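To keep things clear, I will list the structure first and then write my remarks on it.
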Amino acid sequence: MPTKAVLLIAALLALPIAALAATAENADVWNGSQINWRDPATGIKEVAETKRPALLIFHAMWCGVCKRYREVFKDKEIVERSKDFVMILVDIDKYSRFNEGMSPDGNYVPRTIFFGPDGKISRQLVGPDPQYPHTIDAGAPDELRMLMRKARSVFNLPAPATENPAPSSEKRS
């Protein structure tokens, strides 16, 4: 059975040449003015080059839940934490072969997948639904915030400068 990495490479090779643009199509409706969304080909290449993890959002323009989920990406903390990841926006209708290669538990939307620099989908960064583990609460940012925070330890990311540092053990006079 082919590995996910092989399937991913095959899916990338199947992308049309026009899909090789850097910025994801429809990024504007996903808060593209504040989040640096990439299309699948550019995003996966960036993961390989930078060794940063990716956060992939699989969506469809016709999907009502996806439209609600877009609002989550306007949250200030989500915007800030997005800088830790290569943010990849995948329209399942446009990138159907890529979608098929990145659907460990089905082709439902919206689907949120954390993808490591090692080329593997994280099994630790999932939602609470065992049938659809890559479904994240589309109505509020709390669950995605929590997963983005947890990703720090899963992917060994450095703590951001904006988080409160540990208290100093030094005595002050």
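Here, each number is a calculation from the coordinates, and none is a lab measurement. These numbers come from a predicted model, not from an experiment. No Cβ is skipped: glycine too gets one built from the backbone with ideal geometry, and neighbour counts run over all protein chains shown.
Below, the figures for the structure above:
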{"item": "Stretch gain in nm, segment Asp93-Asp118, where the contour uses 0.36 nm per residue and the Cα spacing is subtracted", "result": "6.3 nm"}
{"item": "Length added when fully stretched, Lys67-Val154, from 0.36 nm per residue minus Cα-Cα", "result": "28.4 nm"}
{"item": "Inter-site label distance for Glu49 and Asn26 at 7 Å from Cα along Cβ, in nm", "result": "2.6"}
{"item": "DSSP-loop chymotrypsin sites (Phe, Trp or Tyr not before Pro) across region 50-145, with at most 10 other Cβ within 10 angstrom", "result": "Trp62"}
{"item": "5 angstrom amide H check on Val86, placed H, neighbours 5+ away", "result": "Ala54, Leu55"}
{"item": "Size descriptor, Kirkwood hydrodynamic radius, that averages inverse alpha-carbon separations across region 37-140, Å", "result": "13.8"}
